Amino acid sequence: MARRKIVRIDEALCDGCGNCVTACSEGALAIVDGKARLVKDQYCDGFGDCIGDCPTGALVIDEREAPEFDMEATRAHVALLGGAEAVTRLEAAAAVHEEHDLAPLPVYSHGPGGGCPGSRVRFDPSPAPRPATRGEGPMQAIPSELRQWPVQLHLVQPGAPFFRGKELVLLNSCGAVASADVHWRFLRGRSVAIGCPKLDDTSSYAAKLAAILRDPTIPRVTVVRMEVPCCGGLTQLARQAATMSGRNDLVVDEVTIGIGGDVGRG
């Protein structure tokens, strides 16, 4: 064994919310007797995707003697937990780690050093067009495709008329800023609910979504998430809600938006 970065859980602080379990693409964490536990050292890659999702600060990344992270064993482990979909999520998280050259951290931080990938500072130094000034140009330069209000998942209500007969877009909070295509690509002709699985209080989200999705006229839910691993919690919420709705005809789809605004299927 060698010294390496690996998660440590302070059980006194852990409230068993399960956010870290959802955020961990490697399946390294589980809730046991109401507390988060590390399933096996070899499944933890030490990158800390789980830490930013902990509301009590119970998780940190420590350096200690531990077996090396085993990608093949982890792949087999998540396949047993969630099948091909879980393996795809694992490989997507690994690709994000490699793409952004993330290194395991001794402690969690929201600063430039990062912690989870969604909190790392990124900056494009290329020249940008001159900012528009207030009052310049037409009142609405780009037409909005939004046909409802409210839009926040905390505020929308099951049975609202704007849900009926339309596909539902479950949109992450950052998406409309990250991609200029969101309105015409996703909102046109659809209803929308916006949420963030990392920063929102999501305790009521699955039940509320399930209540919305019991409407048999809603044929599909498209989750529009960011590429960062923690945003995968939005897809899990949608799938949980679809199961809770009791419907077997509902389609749940996923689309991923890159940090640079590119759009691709999940």
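Per-residue answers, yes or no, for (1) modelled with pLDDT of 65 or more; (2) surrounded by 12 or more Cβ atoms within 10 Å (Cβ to Cβ); (3) part of a helix (DSSP H, G or I):
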| site | (1), (2), (3) |
| --- | --- |
| GLU72 | yes, no, yes |
| LEU80 | yes, no, yes |
| GLY83 | yes, no, yes |
| VAL96 | yes, yes, yes |
| PRO104 | no, yes, no |
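Of all residues in segment 244-266, those being among the aliphatic types (A, V, I, L, M) and in contact with a Gly (Cβ under 8 Å, 6 or more places away or on another chain) number 2. For ALA23, the criteria (1) closer than 20 Å to ALA95 by Cβ; (2) surrounded by 14 or more Cβ atoms within 10 Å (Cβ to Cβ); (3) modelled with pLDDT of 90 or more hold in every case but one, which is (3). Residues of segment 175-184 that are touching a strand residue (DSSP E or B) at 6+ places or on another chain (Cβ under 9 Å) and in a loop (DSSP other than H, G, I, E, B): SER179, ASP181.
Restricting segment 34-53 to residues that are under 22 Å from VAL96 (Cβ atoms) and among the small types (Gly, Ala, Ser) leaves a set whose member that is surrounded by the most Cβ atoms within 10 Å (Cβ to Cβ) is GLY48. State yes or no: is ILE31 in contact with a Lys or Arg (Cβ under 8 Å, 6 or more places away or on another chain), at pLDDT below 90 and surrounded by fewer than 18 Cβ atoms within 10 Å (Cβ to Cβ)? Considered against the rule, which asks whether it is in contact with a Lys or Arg (Cβ under 8 Å, 6 or more places away or on another chain), at pLDDT below 90 and surrounded by fewer than 18 Cβ atoms within 10 Å (Cβ to Cβ), ILE31 comes out as yes.
The values are calculated or read from the model by the stated rules, or taken from the named source; none is laboratory data. What you see is a predicted model, and the numbers here were worked out from it, not measured in a lab. As a convention, Cβ positions derive from the backbone with ideal geometry for all residues, glycine included, and neighbour counts pool all protein chains shown.
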